[in-house]
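S.K.: If you scroll down you'll find the structure; I have some questions about it.
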Amino acid sequence: MTLANVSGADLELVGIRKEYPGFVAVEELDLKIPAGQFFALLGPSGCGKTTTLRMIAGLDAPTRGKIYLGGKDITDTKAHERAINTVFQSYALFPHMSVLENVAFGLRQRKIPNPVELATEALNLVELGHLALRRPQQLSGGQQQRVALARALVNRPSLLLLDEPLGALDLKLRRQMQIELKAIQIEVGLTFLHVTHDQEEAMDMADTVAVMHKGRIEQMGAPESLYDRPKTAFVAKFLGQSNLFVGDVVEENPNSLSIDVNGHKLTVPKSRAEKHQGKIAIGVRPEKATFHENGKPQESSDINLIGPGEIIDIRFTGVSNQYQIDIPGIGEVTVFAQNVGKSPVTELGAQVWVSWKVEHAFGLADLPAAGEK
Amino acid sequence: MAFAAFGSAPAAASSTSSRKSGPIVLALLLPGLIYLGLFFLTPLFSLIITSLESPDPSGAIGAYLYGFEWQNYVNVITDYLPQILRSFLYAFLATFFALLISYPLAYFIGVKLRGRGLIQRLMVTLVIAPFFISFLLRTIAWKQILSEGGPIMEWVHSVGLLGPSQYFIGTPAAVVFGLTYNFIPFMTLPLYTTLERFDIRLLEAGADLYASPAKIFRKITFPISMPGVISGTLLTFIPIAGDYVNASRDFLGSSKTSMIGNMVEADFLQNLRYPSASALSVLLMAVILVIVSIYVKRSGTEDLL
């Protein structure tokens with residue numbers, strides 16, 4: 001496969017800002033994506049991620065800032081002059097051309113020799129060689145998505161942009177395409193920039209995830225570290241679920257610090273806390289917490305213990321049970337218990353204590369907005 | 001076959017509906033069939049019969065006998081060859097200019113004004129607005145506007161576009177101008193309906209795939225808008241080829257600009273040469289049918305359905 005011989009280029013955004021009449025889509029963006037990486041830009045709709053992608057593709061011009069591709073300033077180059085290709089959310093396949101001609105389109109524009117052979121090769125890569133002469137409208141959604149991918153990949157761009165390309169597919173097909181997409185990225189070694197609002201998709205596929213919120217990047221890192229140590233309330237809530245507790249720092253030890261939440265002392269390792277003074281928020285993931293139904297367990301310095309509280313909601317989701325526990329003075333806490341055959345309590349109204357290891361707690365740089373916990 | 005070009009989408013639908021041909025379908029079709037028989041086929045046959053009549057032996061003007069006078073066709077071709085060629089030349093030019101003007105206009109209204117419903121509707125209304133006034137009046141008005149002594153012609157003479165003894169009215173250019181002007185709405189509307197549905201995300205996909213704006217237009221926008229181009233050109237070309245108003249000397253033309261329509265009019269109403277006028281009409285119809293069939297076949301609109 002000749003496609004495998006290419007490697008992507010570094011992408012660097014420096015101080016990018018995009019204003020539209022009446023609102024600012026992207027506040028201030030600095031980003032560096034190393035060559036060959038699968039990078040995900042994750043955020044809710046309206047966070048500016050698609051605008052960022054469009055600026056990189058050259059479909060929109062930034063109000064301020066510079067875009068470098070492979071060290072070269074491409075800020076003022078036109079879309080058709082950039083070695084970047086996009087897989088559009090709508091696929092945007094040309095309805096008046098065959099699948100093969102769709103894929104060969106970019107090659108023909110650049111007058112690359114043997115466009116038909118290369119396009120056939122790319123279609124074989126996405127396992128659609130047998131549908132080359134069909135029209136795009138005659139294909140299913142998943143097939144169209146793969147044609148769009150082949151049409152972009154065949155040009156061997158330095159950077160491939162994916163604008164929520166899996167959004168229109170059903171869950172099963174989406175999972176399958178995620179696996180295929182990742183396999184293709186590893187095979188061809190291109191730099192992929194994937195824009196999505198699906199946090200599972202981002203964590204599943206990307207080497208690096210950048211969480212975007214209100215036109216800024218909130219946090220960036222490997223999926224594991226983002227999930228394990230969210231630094232802001234937004235990331236803690238958007239990437240998975242979190243229980244957050246707000247209180248003043250009342251105790252500071254060499255390795256840890258504790259806050260007081262209405263008489264409950266909660267501790268977090270200093271190395272896992274962004275802020276060490278004043279009012280701070282501490283969080284824990286629901287699956288890291290457990291509950292105890294047989295009275296108050298033994299207190300210990302390496303666990304955080306709150307309670308007693310009442311189970312007010314139980315949800316069965318298959319792999320786990322999700323419990324809502326209302327603890328007076330603290331509020332609602334979510335706990336996930338794996339379904340391993342010995343589920344602890346399954347009745348509403350039970351009085352329980354909730355605990356988690358101090359090492360699983362994380363301290364945030366900001367406080368959750370009023371109204372959310 | 002030419003009719004398929006006017007409706008882009010229904011062509012696919014008609015093949016499925018033709019499967020059911022119960023009595024209800026027949027009953028629904030009946031009024032249309034009767035109408036076609038009475039007002040299309042009957043006059044058509046009458047026209048063909050008239051075109052083959054021979055002069056009355058008594059020599060009375062306007063009196064003819066039934067016959068098979070094929071010579072009528074040979075006569076009109078030899079007598080009116082310049083007018084026949086001129087008709088198609090004018091029709092071709094006027095259609096071309098109308099397309100040149102209408103395409104950007106339709107693109108502007110259908111694509112650029114998207115999301116501004118009010119202005120868009122207003123612009124479409126403006127395109128149709130000339131129909132509110134009789135087209136004879138509008139053509140007369142142009143004659144006034146472009147006649148000697150008016151400010152426009154004074155300016156044209158002052159900058160030397162025309163010499164002091166040259167007139168604009170009565171020239172082929174004036175006739176083509178009038179034809180173009182009168183048929184622009186027929187070109188713009190089908191183009192607009194096609195371009196209004198055009199998916200502009202394809203433009204971004206084209207730019208993303210290294211196509212320059214000119215290439216995008218040639219490879220994407222124009223081919224996809226082909227159904228509109230075909231219907232528009234047919235809706236202008238066919239009536240223009242038979243038009244007799246613009247080229248008439250009462251309007252924008254002169255005796256040197258007469259088209260087939262003017263000859264038919266003269267033969268029918270002034271010279272009372274009914275077979276000749278009929279032969280000319282049948283000939284015009286046949287030539288248009290051939291041109292249009294080749295055009296629709298060659299342009300391959302079935303790809304776009």
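Bear in mind that the values in this text are calculations on the coordinates, not laboratory data. From a predicted model like this one, the values you see are computed outputs, not experimental measurements. Because the Cβ atoms are built from the backbone with ideal geometry, glycine has one as well, and the counts that use them run over all protein chains shown.
S.K.: P(r) tail for the range A:281-344, what percent of Cα pairs lie past 19 Å? Please list the in-between numbers first.
M.R.: Working: 644 of 2016 pairs.
The share of Cα pairs beyond 19 Å in the range A:281-344 comes to 32 percent.
S.K.: Same structure again: Of the cross-linked pairs A:Lys231/A:Lys357; A:Lys182/A:Lys288; A:Lys172/A:Lys288; A:Lys32/A:Lys172, which ones have a Cα-Cα span greater than 25 Å in the structure shown? Could you put the intermediate results ahead of the total?
M.R.: Details: A:Lys231/A:Lys357 19 Å; A:Lys182/A:Lys288 29 Å; A:Lys172/A:Lys288 28 Å; A:Lys32/A:Lys172 32 Å.
Table pairs above 25 Å Cα-Cα are A:Lys182/A:Lys288; A:Lys172/A:Lys288; A:Lys32/A:Lys172.
S.K.: Return a whole-number percent for the relative contact order of the range B:244-305, with Cα pairs under 8 Å and 6 or more residues apart as the contact set. Don't jump to the answer; show the numbers that get you there.
M.R.: Working: 37 pairs, mean separation 11.9, N = 62.
Normalised by residue count, the contact order of the range B:244-305 is 19 percent.
S.K.: Follow-up question, since we're still on this one. Mean separation of Cα pairs under 8 Å and 6+ residues apart, divided by the residue count of the range B:81-304: what relative contact order is that in percent?
M.R.: Reported relative contact order: 28 percent.
S.K.: Also: If exposed means no more than 10 neighbouring beta carbons inside 10 Å and the site is in a DSSP loop, what's the longest run of chain B without any exposed chymotrypsin sites (Phe, Trp or Tyr not before Pro)?
M.R.: Working: sites that count: B:Tyr66, B:Phe68.
Longest gap between qualifying sites, sites excluded: B:69-305.
S.K.: Any idea what the dipole of chain A comes to, in debye rounded to 20, about its Cα centre with Lys/Arg Cβ at +1 and Asp/Glu Cβ at -1? Walk me through the numbers before you get to the answer.
M.R.: Numbers: 39 positive and 44 negative charges, 233 e Å.
With only Lys, Arg, Asp and Glu charged at Cβ, the dipole is about 1120 debye.
S.K.: Counting Lys +1, Arg +1, Asp -1, Glu -1, what net charge surrounds A:Asp248 among other residues with beta carbon under 13 Å of its beta carbon? Could you put the intermediate results ahead of the total?
M.R.: Details: positive: A:Lys265, A:Lys275, A:Lys279; negative: A:Glu251, A:Glu252, A:Asp260.
Computed value for this residue: 0.
S.K.: According to the square roots a ≥ b ≥ c of the eigenvalues of the Cα gyration tensor, what is the shape class of the range B:235-305, taking rounded for a/c under 1.5, prolate for a/b larger than b/c otherwise, and oblate for the remainder? Intermediate results must be reported in sequence, preceding the final value.
M.R.: Values: a/c = 4.05, a/b = 1.92, b/c = 2.10.
Judged from the Cα gyration tensor, the range B:235-305 comes out oblate (a/c at least 1.5, b/c at or above a/b).
S.K.: With only alpha-carbon pairs counted, each pair once and no self-pairs, how large is the Kirkwood hydrodynamic radius of chain B in angstroms?
M.R.: Working: mean 1/r = 0.0446 Å⁻¹.
One over the average 1/r among Cα pairs gives 22.4 Å for chain B.
S.K.: Which helices of chain A meet both criteria: a Cα extent of 24 Å or more along the helical axis and a mean Kyte-Doolittle score no lower than -0.5, with helices taken as whole DSSP H segments? The partial results should precede the final answer.
M.R.: Details: long enough: A:171-188 (25 Å, -0.08).
Those that clear 24 Å and a mean of -0.5 are A:171-188.
S.K.: Convex hull volume of the Cα atoms in the protein assembly as shown, per residue, in Å³? Provide the component values of the computation, followed by the final result.
M.R.: Details: hull volume 180.0 nm³, N = 678.
For the protein assembly as shown, the hull spanned by Cα atoms encloses 265 Å³ per residue.
S.K.: To continue, here is another question. Under 18 Å from the Cα of A:Lys265, which aspartates and glutamates turn up, not counting those fewer than eight places away in the same chain?
M.R.: Qualifying aspartates and glutamates at Cα under 18 Å: A:Asp248, A:Glu251, A:Glu252, A:Glu299, A:Asp302, A:Asp326, A:Glu332, A:Glu359.
S.K.: Quick check: convex hull of the Cα atoms in chain A, volume per residue, rounded to a whole Å³?
M.R.: Details: hull volume 63.5 nm³, N = 373.
Residue-normalised Cα hull volume stands at 170 Å³.
S.K.: Which whole number of Å³ per residue matches the convex hull of the alpha-carbon atoms in the range A:139-245? List each step's numbers first, then the result.
M.R.: Numbers: hull volume 12.1 nm³, N = 107.
Expressed per residue, the convex hull around the Cα atoms of the range A:139-245 is 113 Å³.
S.K.: B:Lys143: which aspartates and glutamates have alpha carbons under 18 Å from its alpha carbon, excluding same-chain residues fewer than 8 sequence positions away?
M.R.: Straight-distance partners of B:Lys143: B:Glu154, B:Asp243, B:Asp250.
S.K.: What helices does chain B hold that run 18 Å or longer along their axis, going by alpha-carbon atoms, with a Kyte-Doolittle average of 0.5 or more, using DSSP H for the helix calls?
M.R.: Working: long enough: B:23-36 (19 Å, 2.35); B:71-107 (49 Å, 0.87); B:172-196 (34 Å, 0.98); B:226-241 (22 Å, 1.60); B:274-299 (37 Å, 1.55).
Length and hydropathy pass: B:23-36, B:71-107, B:172-196, B:226-241, B:274-299.
S.K.: Under unit Cβ charges (Lys, Arg +1; Asp, Glu -1), what dipole magnitude, rounded to 20 debye, does the protein assembly as shown have relative to its Cα centre? Present the calculation step by step, with values, prior to reporting the outcome.
M.R.: Numbers: 58 positive and 60 negative charges, 233 e Å.
Roughly 1120 debye, rounded to the nearest 20.
S.K.: Based on alpha-carbon centroids, what's the gap between the range A:234-294 and the range B:195-216 in Å, whole number please?
M.R.: Value for the Cα centre distance between the two parts: 52 Å.
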